[in-house]
There are 2 protein chains.
Amino acid sequence: MRKFVIALVFAAFGLAAVAQQALGERVEVASPTVNADGTVTFQFYAPQAQSVKVVSSDIFPSADHCAEMVKAADGVWSFTTGVLKPELYMYNFVVDGAKVTDPSNVYMIRDIASVFSIFIVAGTQADLYRVNDVPHGTVAKMWYDSPSLGMKRRITVYTPAGYETSGKRYPVLYLLHGKGGDEEAWTSLGRASQILDNLIAQGKAQPMIVVMTNGNASQEAAPGESRHGLLTPTIDLPKTMDGAFELAFPDVVKFVDSGFRTIATKEGRAIAGLSMGGFHSFHISKQFPDMFHYVGLFSAAIFREEGKAEIYSDIENKLVAQFSHHPGLYYIAIGKDDFLYTDNVRLRAMLSNHHLPYEYVETDGGHIWRNWRIYLSQFACKIFR
Amino acid sequence: MRKFVIALVFAAFGLAAVAQQALGERVEVASPTVNADGTVTFQFYAPQAQSVKVVSSDIFPSADHCAEMVKAADGVWSFTTGVLKPELYMYNFVVDGAKVTDPSNVYMIRDIASVFSIFIVAGTQADLYRVNDVPHGTVAKMWYDSPSLGMKRRITVYTPAGYETSGKRYPVLYLLHGKGGDEEAWTSLGRASQILDNLIAQGKAQPMIVVMTNGNASQEAAPGESRHGLLTPTIDLPKTMDGAFELAFPDVVKFVDSGFRTIATKEGRAIAGLSMGGFHSFHISKQFPDMFHYVGLFSAAIFREEGKAEIYSDIENKLVAQFSHHPGLYYIAIGKDDFLYTDNVRLRAMLSNHHLPYEYVETDGGHIWRNWRIYLSQFACKIFR
């Protein structure tokens, strides 16, 4: 265990600011450590604490999702897991009843109003989530004008390695988040830029632009990125599933086609999303049947709000009409334990009854990012072929 | 105080993943709250904790930089500050000896290996650090080729609002971080994109591109953004002040001038940096006297490593030579309490002895981000005029 009192770095060149802002005696520990045998060790310095737990539904999928850490004489609590499968894991510590992030781990991801510490156990599909020694694309946070929604809105755009200098045109995947998410979700929780960098470098996915929108039609930008300040994120947003976002979608496509070197045809566009983003993708692709050649529905909330807006009505006939435009791929994926499973059974029955072709992938697990990263990794390899 | 047990949201649509990953009973509190009277209230739910403190050298600049929180019967600890001046503040909680971030506040900034919760008290210069209702530029994380350093390297590029559609050429400010920093520092700790958005919208700064490099010549990218994985950030990096970064700087300029619509002349370029970045700016501008018309040295580590590399030798004669190219602005700023104060006294004496013109700004405080944000806000208004 590497320990030092932070005061030791006071004298180091250029670190007065750090020292000033890190005051308070403390012991530095390494946490988490992914061990060679595939186990993971957590450490947490809390000399006066009565109880410290590791809590994670990723690490401990059953039971109470936590494990008690054990305190050593030096005030450092620790816990070592069993062998963990390759994956990106999220966790917190609970210290004397307070849920916190791991102070020794600077890598964190926000999911709505909760922040989790993260780590990656390498191997299999998790290697797609790592930054590897491959050419990297550009990730830009920018603003576009949405006349339909009456506001400027923030967007995340991934352009593949070489975009700046190739002079080529690229197809575009529009990638939509779920309820409580925003234009940050797919690059943080979803590791979308790492997945695309890696799949493109391996020749498994075509070089493509990926556009990650904000699907909350009342919202200009992710929390903290708009004039509303550093507000507490909430899932209680108006206008997420009332048709406004879907009907305004051509604003996004127009912006992207005018500002980037895109293949501005149906064959050059895909749309996919998770949960509410699957719902949005379902309705947008149906509403604009000549806009997207590839459709991906990841744990999609297909039939929610049925009939509550014109775009959500007469679904079956509109689906039949959409398929008369011959989409190149209609991909449906969901976990066995997902609470939206039966909605997707109904969708597949509807498609099958009309002999409308689709691909179906069923995985273990429920309504979780582990699955959405896998679905993106699959879907990205199937489009623009 | 708003409270609810997180289990209540289990039933909410689309939130199974969140619920799964936020397991463990807890009480939600609002923290921090910037009150109407300019005080700030912190709250922290830790029913079994024995001691909770707020620690912050920004809030409590003197004494032990902390305040004891008081526990109420419901397990919620709280503390209210006195009236705080407008500023961006960083803080942590210390719970039973463990330093953690505020779990109710999703807004955090990393400084080397430490993560701080943040909030902004609005007003005066702090309004430049907020996202306001003004046109926003684009912030892109991208990679450029550095043949001189033999690697692809990550860079942050801010392009001003309207860049995508204006067809115009823009001047470029190269903005360099300090020791332990990287290409993320100026947009996170430095609020550079907010400062530029606001100053440009107010007509106080010219629309400009801002290029934020990684000044650690051994490093491809910020921690977590390279093939080295989610490693613990360190200040102990090789090749930060050995001349390699400075001599390779034309690689960056070449990339920017070829990939962006720049004004690719001396008059169209500025370079500025803090601490080690000021040291780099000092030596780069001196080494390439026809490259930058504007130079900003913020709390710069001017004479460190003197004579230890060719570029760090014969400083006085090279400065005289540089000024024969008539820089448009040579701006030096430092705080009264900065540990680099005397180095800057020496620089000013050297310049004055040779009648080389410079602007000098002296502020309160030491080697801290509060000052560097102020210096950037000033410098950005003085260049490209």
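The values are calculated or read from the model by the stated rules, or taken from the named source; none is laboratory data. Treat the numbers as computed from the prediction; the structure is a model and nothing was measured. Glycine gets a Cβ as well: all are built from the backbone with ideal geometry, and neighbour counts include every protein chain shown. Ligands, DNA and RNA are excluded from the accessible area calculation, which covers all protein heavy atoms including side chains. Shrake-Rupley method; radii C 1.70, N 1.55, O 1.52, S 1.80 Å.
Against the list (1) open to solvent by less than 10 Å² (accessible area, probe 1.4 Å); (2) farther than 20 Å from B:ILE112 by Cα; (3) not β-branched (Val, Ile, Thr), the condition B:TYR163 fails is (1).
Residues in the range A:308-360 that are of a type in the set (Ser, Thr, Tyr), within 24 Å of A:PHE249 (Cα to Cα) and open to solvent by 40 Å² or more (accessible area, probe 1.4 Å): A:SER324, A:TYR358.
Scanning the range A:70-110 for residues that are under 22 Å from A:ASN35 (Cβ atoms), more than 8 Å from chain B (Cβ to nearest Cβ) and among the small types (Gly, Ala, Ser) returns A:ALA72, A:SER78, A:GLY82. For residues that are of a type in the set (Val, Ile, Thr) and more than 8 Å from chain A (Cβ to nearest Cβ), scanning just the range B:136-157, find the one that is nearest to the chain's Cα centre (by Cα). The selected residue is B:THR156. Listed by first and then second residue, the pairs with beta-carbon distance under 6 Å, at least 6 apart or on different chains, first residue in the range B:125-151 and free of Cβ contacts under 8 Å to residues at least 12 places away in the same chain, second in a loop (DSSP other than H, G, I, E, B) and open to solvent by 20 Å² or more (accessible area, probe 1.4 Å), are B:ASP133/A:ARG227.
When restricted to residues that are open to solvent by less than 10 Å² (accessible area, probe 1.4 Å) and touching a residue at least 60 places away in the same chain (Cβ under 8 Å), the range A:91-104 contains 1. From the list B:ALA192, B:ALA222, B:ALA205, the one residue that fits, being buried (at least 23 other Cβ atoms within 10 Å of the Cβ) and under 16 Å from the mean Cα position of the chain (by Cα), is B:ALA192.
Looking only at the range A:124-135, how many residues end up being more than 7 Å from every other protein chain (Cβ to nearest Cβ) and over 12 Å from A:GLN194 (Cβ atoms)?
Selection size over the range A:124-135: 2.
Only one of the listed residues (B:ILE311, B:ILE271) is away from chain A (no Cβ under 14 Å), farther than 23 Å from B:LYS382 by Cβ and not polar (S, T, N, Q). That residue is B:ILE311. Those strands (runs of 3 or more DSSP E) of the range B:276-385 in which at least 1 residues are farther than 27 Å from B:THR265 by Cα, considering only elements entirely within it, cover B:329-335, B:359-363.
So, in the range B:361-385, how many residues would count as being surrounded by fewer than 15 Cβ atoms within 10 Å (Cβ to Cβ) and either free of Cβ contacts under 8 Å to residues at least 60 places away in the same chain or on the phi > 0 side of the Ramachandran plot (or both)? The total comes to 2. Residues in the range B:259-279 that are touching a helix residue (DSSP H, G or I) at 6+ places or on another chain (Cβ under 6 Å) and crowded, with 24+ Cβ neighbours inside 10 Å: B:ILE271, B:ALA272, B:GLY273, B:LEU274. In the range B:116-136, of all residues being small (Gly, Ala, Ser) and open to solvent by less than 10 Å² (accessible area, probe 1.4 Å), the one that is nearest to B:LEU237 (Cα to Cα) corresponds to B:SER117.
Here B:MET276 passes the criteria (1) more than 14 Å from chain A (Cβ to nearest Cβ); (2) touching a residue at least 12 places away in the same chain (Cβ under 8 Å); (3) of a type outside the set (Val, Ile, Thr); (4) more than 20 Å from B:PRO327 (Cα to Cα) except the one numbered (1). Applying the criterion of at least 2 residues that are of a type in the set (D, E, K, R) to the strands (runs of 3 or more DSSP E) found wholly in the range A:83-127 leaves A:108-111. Confirm whether B:ALA113 is within 11 Å of another protein chain (Cβ to nearest Cβ) and open to solvent by 10 Å² or more (accessible area, probe 1.4 Å). Taking the combined requirement at face value, the residue satisfies it. Return yes when B:VAL121 is within 12 Å of B:VAL34 (Cα to Cα), more than 8 Å from chain A (Cβ to nearest Cβ) and of a type in the set (A, V, I, L, M) and no when it is not. In short, yes. Among the residues of the range A:34-67, those identified as open to solvent by 50 Å² or more (accessible area, probe 1.4 Å) and either within 21 Å of A:ALA98 (Cβ to Cβ) or not in a loop (DSSP other than H, G, I, E, B) (or both) are A:VAL34, A:GLN48, A:GLN50, A:LYS53, A:ASP64.
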